[in-house]
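For reference, the structure is listed below as structure tokens.
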Amino acid sequence: MKKQRSTMAEASSSFTNLFDLLSEELVFIILDYLNDNNPQDKKSFSLVCKSFYSIESKHRRTLKPLRSEHLPSILTRYPQISTLDLSLCPRITDYSLSVIAMACGNTLRFIDLSRSKFFSGNGLAVLVANCRSLTALDLSNATELRDSAAAAIGEAKNLEKLWLGRCKLITDIGIGCIAVGCPKLKTIGLKWCLGIGDLGVELVAVKCKELRNLDLSYLPITSKCLPAILKLQYLEELILEGCFGIDDDSLILLKQGSKSLKNLDISSCQNVSDTGLSSLTSGTGCLRQLTLAYGSPVTLDLARSLQRLSKLQSIKLDGCLVTCSGLQAIGNYCASLRELSLSKCSGVTDEGLSSLVKKQKELRKLDITCCRKLTCVSIAHVAYSCMSLTSLRMESCTLVPREAFVLIGRKCNLLEELDLTDNEIDDEGLKSISKCSNLSILKLGICLNITNEGLNFIGNRCSKLVELDLYRSMEITDSGITAIARGCPSLEMINISYCSGITDAALISMSKCAKVSTLECRGCPLITSLGIAAIAVGCKHLTKLDIKKCYKINDFGVLPLAHFSQNLKEINMSCTSITDVGLLSLASIGCLQSMVILHLKGLSPRGLAAALLACGGLTKVKLHSSFKTLLPQPLFEHLEARGCVFQWREKMFQDELEDSKSWKLQVAELNNES
């Protein structure tokens, strides 16, 4: 026995861990192949042994923590962080920023504070003073920041990218400090910064000579600042969405456009017509993408103003009044289009669209959502002329007959995205579309003529499918979903809401799709806790779950979620049979941020209070307004100080129309009235 023990000891001491023979650099290369979207992979690696734990700590460069209170320990473990995403931490104080500044120092290059509150200019000053290598900073939605905070940002001499969307209290003085102090800026977003006008924008253009991307959406500016902007030598993207102070009269005064500009967005600029557009685009021979959504009518004159843009590849005209002559002219003048968006455009007819697509053989993306006058005539021209299409969106093209969808599948085999929501497609159409073997996104919501037979074709041939929407497609039942689950292993998102014939069997088959991250099954009354438990066990990547009006789901369905679905961020469990026990169990999910809990009969005020306190990462909760008086006000104040926002609803419980045809008719009547 002693001999045997000594032999085992000798064998143990002579054993060599092969990974110990590898250099750190080689192990770093191995770690590079692990998916950043699934933090569990790297966590599993670090738990193997002490050396792996140490190596993973040194290797990690990107961090997305769940709670701000854990920052000191997390940043101590990961000393080489260069990208810090705090979008899951609603409460970031000046103290939090000082901890980050001291721990990261010059290694930090990008920090995202776009979803965080409670910090001030003092915290930013400490951050900037200690993190001299900072090159990118996102302060979007920091609505309380003032010019003093902007002055602190101006000390970040190496800053190249800055986002200040909705920082409404920053004025020309503040943005001037940033412009003077950060001359290396290449990207700056000022959307909805209502305190910044022409003077501030001019300062940015004059001082930041290396600007590539400039977003001035909804700023109270006029054309006075445009000459300085258009002189920027490297400017590639200019967004002027909703700048109502810019009009034709002032644009005509411009001597020349920007020679480097590639992307121009003047959507919702109601005072800019073809005359002003012609002045703005003069000399912009490099322009590749032009967005004119919700602007002036698309007439022949407007189309003519585009004829000098020989390199134009993308035009977005969403929400515009479109004329037939305008579309014909675009087809004639813009010979190299790759993308065309006519979503919700009034005036799009068969004649106009047909004449356009005949000239656009290389078109890759086409959006004709809610173009309700189109028929089989124009769709046939699309199918025969644009055989290289990879994306086709045609929601609510209700006059297009079933035969047209067969033609689409026969001719457009390269499609990767297809939106046929609220159309007349049937199983024959799905059979034809299943020939598109690269299809990854398929939307079939409110398609009342499709059945399980059609889904069988999709499941058998479209193995690359990632997203499937079957909202209110009432004829779909378990066998159709089983066919999809069997043939589409890469499925990540599926919507089967109000498909009332679906049962637990469909969810059990779907649980084999391990990559599913979003499941919407509201209004499926036959689904029980058994089906949800199967999803919890099989779909470990689940981040969003909607089980509203699945009346048979109770605590026995939620408990497996609490145990297995540790990546869950959003859940809607309104109108289910979940009680205090189930709700409180969700506190074990550290990622959970958003809950909708309306009309839960088994929920008590005490149980709700306990769950809200236990779920420490909540940022949004939707409740019935009756709980306002049933719970103590200090509780809400505490949770709001933690970063949670409450949305109150007074709407009484109302059952949905089970018949999708009746529901569709009701929606159509409302649209006609509006």
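Key figures for this structure:
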| quantity | calculated |
| --- | --- |
| Residue identified as touching a residue at least 40 places away in the same chain (Cβ under 8 Å) and polar (S, T, N, Q) among Ser250, Ser258, Ser267 | Ser267 |
| Members of segment 421-435 found to be outside any helix (DSSP H, G or I) and touching a Leu at 6+ places or on another chain (Cβ under 8 Å), listed by number | Thr421, Ile425 |
| Qualifying residue in segment 641-648 (condition: exposed (fewer than 15 other Cβ atoms within 10 Å of the Cβ), assigned to a helix (DSSP H, G or I), out of contact with any Cys (no Cβ under 6 Å at 6 or more places or on another chain) and not polar (S, T, N, Q)) | yes |
| Identity of the residue in segment 300-318, out of contact with any strand residue (DSSP E or B) (no Cβ under 8 Å at 6 or more places or on another chain) and surrounded by fewer than 19 Cβ atoms within 10 Å (Cβ to Cβ), that ends up nearest to Asp274 (Cα to Cα) | Asp301 |
| Some residue of segment 594-610 being under 26 Å from His70 (Cα atoms), modelled with pLDDT of 95 or more and of a type in the set (S, T, N, Q) | yes |
| Unique match (being crowded, with 17+ Cβ neighbours inside 10 Å and of a type in the set (A, V, I, L, M, F, W, C)) among Leu211, Leu199 | Leu211 |
| Where Lys661 falls short, out of the listed (1) at pLDDT 95 or above; (2) farther than 26 Å from Ile553 by Cβ; (3) among the basic types (Lys, Arg) | (1) |
| Residues located in segment 592-620, provided they are over 16 Å from Arg642 (Cβ atoms) and either among the basic types (Lys, Arg) or touching a residue at least 60 places away in the same chain (Cβ under 8 Å) (or both) | Lys601, Arg606 |
| Filtered residue count, segment 444-458, keeping only those that are surrounded by 22 or more Cβ atoms within 10 Å (Cβ to Cβ) and under 28 Å from the mean Cα position of the chain (by Cα) | 5 |
| Count of segment 418-439 residues which are within 20 Å of Lys365 (Cβ to Cβ) and surrounded by fewer than 19 Cβ atoms within 10 Å (Cβ to Cβ) | 3 |
| Scan of segment 436-484 for residues that are in a loop (DSSP other than H, G, I, E, B), under 17 Å from Ile425 (Cα atoms) and among the basic types (Lys, Arg), ordered by number | Arg472 |
| Selection count, segment 520-533, where residues are without any contact (Cβ under 8 Å) to a residue 40 or more places away in the chain and buried (at least 21 other Cβ atoms within 10 Å of the Cβ) | 7 |
| Flag if Lys157 is over 18 Å from Ser98 (Cα atoms), within 26 Å of the chain's Cα centre (by Cα) and of a type in the set (Lys, Arg) | no |
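Yes/no matrix, rows are residues, columns are (1) closer than 28 Å to Gly409 by Cα; (2) in contact with a Cys (Cβ under 7 Å, 6 or more places away or on another chain):
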residue: Asp274; (1), (2): no, no
residue: Gln289; (1), (2): no, no
residue: Thr299; (1), (2): no, no
residue: Arg308; (1), (2): no, no
residue: Gln328; (1), (2): yes, no
residue: Gly347; (1), (2): yes, no
residue: Glu351; (1), (2): yes, yes
residue: Arg364; (1), (2): yes, no
residue: Lys373; (1), (2): yes, no
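The values are calculated or read from the model by the stated rules, or taken from the named source; none is laboratory data. Here the structure is a predicted model, which is why all the values come from computation and not from measurement. Counting neighbours? That spans all protein chains shown, and the Cβs are built from the backbone with ideal geometry, glycine included.
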